[in-house]
Amino acid sequence: MIGAGVNGRAAARSFLARGRRTILWDVDEQRARAAAEALGADIAESREQALGADLLVTVTPGHEVLLDEGSLQPGQHVSLMGADGPGKAEIAVAELARSRVFCDDWEQASHNGELAHAVATGAISRNDATHLGDVLAGTAPGRQSREDITTFDSTGLAIQDLAIALAAIEHAAELNLPTIEL
């Protein structure tokens with residue numbers, strides 16, 4: 001997990017809840033330490049160690065390219081979940097283009113997410129990206145081999161947020177979620 005702010009902590013919590021070992025790294029070492037202590041996660045010894053994880057999640061402001069061309073290794077997956085906005089770039093266009101790309105929604109991702117830079121340069125077109133929903137519905141293939149390098153550009157969809165909130169409310173007792181009475 002690259003980024004230990006509010007969203008990074010939330011993403012880390014989801015991995016920890018599934019029993020996954022989670023390693024945090026943040027440009028602010030104190031923030032990473034505090035998050036790791038609060039969550040029961042580990043701290044990466046270095047940025048390079050964190051970037052080398054088999055399953056990598058980036059949750060940064062996106063002002064700096066974290067993944068240069070050639071940085072992802074066979075079998076590695078990265079979920080690019082950092083802030084979307086003008087100039088955001090967590091991954092180099094060439095690195096994104098050499099991976100199998102997944103997104104939550106093409107129209108949104110191609111105009112506002114990591115894909116926007118790759119689309120603008122012609123490195124990626126609509127045919128190069130697969131909607132994650134299609135994979136989940138079984139109408140498109142996901143990872144084809146252990147050697148695939150895959151990326152997921154998450155721009156966030158309100159309908160997903162609502163579905164998750166509804167599921168959380170329906171299962172609040174068994175999930176032991178904190179709730180308040182209104």
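The values are calculated or read from the model by the stated rules, or taken from the named source; none is laboratory data. This one's a predicted model, so the numbers in the text were calculated from it and none came from an experiment. Heads up, the Cβs are rebuilt from the backbone with ideal geometry, glycines too, and the neighbour counts pull from every protein chain shown.
The single condition from (1) under 22 Å from I23 (Cα atoms); (2) among the charged types (D, E, K, R); (3) modelled with pLDDT of 90 or more; (4) out of contact with any strand residue (DSSP E or B) (no Cβ under 9 Å at 6 or more places or on another chain) that D68 fails is (4). Does the stretch 105-119 include one or more residues that are within 13 Å of the chain's Cα centre (by Cα), in a loop (DSSP other than H, G, I, E, B), surrounded by fewer than 21 Cβ atoms within 10 Å (Cβ to Cβ) and touching a residue at least 12 places away in the same chain (Cβ under 8 Å)? So far as the stretch 105-119 goes, no, none of its residues is within 13 Å of the chain's Cα centre (by Cα), in a loop (DSSP other than H, G, I, E, B), surrounded by fewer than 21 Cβ atoms within 10 Å (Cβ to Cβ) and touching a residue at least 12 places away in the same chain (Cβ under 8 Å).
Note down all Cβ pairs under 7 Å where the first residue falls in the stretch 132-146 and is without any contact (Cβ under 8 Å) to a residue 40 or more places away in the chain, the second is among the hydroxyl-bearing types (S, T, Y) and not in a helix (DSSP H, G or I), and they're at least six residues apart or on different chains. These pairs meet every condition: A140/T130. Restricting the stretch 79-104 to residues that are assigned to a helix (DSSP H, G or I) and out of contact with any Asp or Glu (no Cβ under 7 Å at 6 or more places or on another chain), the residue that is surrounded by the most Cβ atoms within 10 Å (Cβ to Cβ) is V93. Only residues that are surrounded by 21 or more Cβ atoms within 10 Å (Cβ to Cβ) and either assigned to a loop (DSSP other than H, G, I, E, B) or among the polar types (S, T, N, Q) (or both) were counted across the stretch 47-59, and they come to 2.
Only one entry of Q160, Q76 meets the criterion of being surrounded by fewer than 21 Cβ atoms within 10 Å (Cβ to Cβ), of a type outside the set (A, V, I, L, M, F, W, C), closer than 28 Å to L16 by Cα and modelled with pLDDT of 95 or more, and that entry is Q76. Just so you know, in the stretch 1-26 the residues that are of a type in the set (V, I, T) and modelled with pLDDT of 95 or more include one that is surrounded by the fewest Cβ atoms within 10 Å (Cβ to Cβ), and it is I23. Checked against (1) over 18 Å from V119 (Cα atoms); (2) in a loop (DSSP other than H, G, I, E, B); (3) among the charged types (D, E, K, R), E37 passes all but a single condition, namely (2).
For (1) under 23 Å from A129 (Cα atoms); (2) touching a residue at least 60 places away in the same chain (Cβ under 8 Å); (3) of a type in the set (F, W, Y), each residue gets a yes or a no:
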position: A10; (1), (2), (3): no, no, no
position: A41; (1), (2), (3): no, no, no
position: V59; (1), (2), (3): yes, no, no
position: G70; (1), (2), (3): yes, no, no
position: I91; (1), (2), (3): yes, yes, no
position: L96; (1), (2), (3): yes, no, no
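Residues in the stretch 120-154 that are assigned to a loop (DSSP other than H, G, I, E, B), closer than 23 Å to G52 by Cα and not small (G, A, S): R143, Q144, R146, E147, D148, I149.
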